[in-house]
Each structure stands twice: as C-alpha cells, then as structure tokens.
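Colleague: The following block contains the structure, expressed as structure tokens.
Read the figures in this text as sums done on the coordinates, not as results from a lab. Just so you know, these numbers come straight off a predicted model, no measurement behind them.
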Amino acid sequence: MRRARNPNHAIAATIAVVALCAIAATFTFEPVPPGLPGLGAVEFPRLVSGILLALALVLGLTAASPPTEEEVPRVSGQAWVIFALCLGFLPLVDMIGMIPAIPIFLLVVGRLWGGTAWPSLLLSALGMGIGIWIVFVKIFRLTLPKGWLGTMLGL
C-alpha cells in the first residue's frame, strides 16, 4: 500500500496562493483619500492576507502523518461548486459592493448546502451583512468596496 504525501503542504500552498491573489487584487483598488481614520480598503485585506500567509507557512512546516490513499475522501461536486462561488464572490463585490454581496453569497451558498429554510437563511444573511457593516464601517471606520453599481448610484 502506497502512502500519500503530507497533505499540509498542498493545503498550505493553496492558502498561500489565495492570500497572494487577494494581496495582488488590492493593487487594483481605488485610492482612499489621505487623512481618513481607520484602516482603508487596501490595508485591511493585506493585513488579513499577511496573517493567512504566516499561518500557511506554519502549516507547511508542520509535520503530519499522511493518510493512506484509501483514507482520503473524494471531493464532492458540491464542494467544487461552493469553491467556484467563493471565487465568484470577488467579481460580485466589484459589481455591487461588499455589503450587498455578503447576504447574496450567504443565501446562495446556504441554499446549496441545504437543510435550512429560506426564512432562516434570509434572516442570518441579512444579519451578517448588517453586523459586518456595523463592526467594520461604523466601529472600525473601514472603507469597504462599494462596487461600480454603488459608485454609480452615489452610495
């Protein structure tokens, strides 16, 4: 029986690639006027991505007993669809802005996962969007992406 490689390396590399893509995407953000309080739309994603890179490095350096090929579960098609939706979240944010994109994303993914009724999904998605707005915009004074639609509507 052949043993599989350490899965930590592949997981760490995947996390690092996603974090580096997020950092690269921040170079396309519109500049924030100087003198605004708090972290801007560029600094916060870079901070989070930097933390992810550091954690990926720690994970990559952590030894793990690799599972046998029989123990490794197959990735379901639904998981790939959810991963694709996660990638599609960024263009959605660019189009409609962060705050409206969050509830839409949570509704779609929550419905795909199943097991939760529409009213519960809607309530939790709206609650998360409002909660993120309160914490990051009102308390931390971050400037979240408004998207081209938000900019066009003057929001």
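Colleague: Tell me, in nm to one decimal, what length is gained between residue 76 and residue 10 on full extension, where the rule is 0.36 nm per residue of separation less the Cα-Cα distance?
Modeller: Contour length minus Cα-Cα distance gives 22.0 nm.
Colleague: So what are the ³J(HN,Hα) numbers for the stretch 87-93, from phi and the Karplus equation (6.51, -1.76, 1.60; θ = phi - 60°), rounded to whole Hz, Gly and Pro as x?
Modeller: Once θ is set to phi - 60°, the couplings for the stretch 87-93 become 5, x, 5, 5, x, 5, 4 Hz.
Colleague: Using θ = phi - 60° and the Karplus form 6.51 cos²θ - 1.76 cosθ + 1.60, what ³J(HN,Hα) does each residue of the stretch 48-59 get, whole Hz, x for Gly and Pro?
Modeller: Along the stretch 48-59, the couplings run 5, 5, x, 5, 4, 4, 5, 5, 5, 4, 4, 5 Hz.
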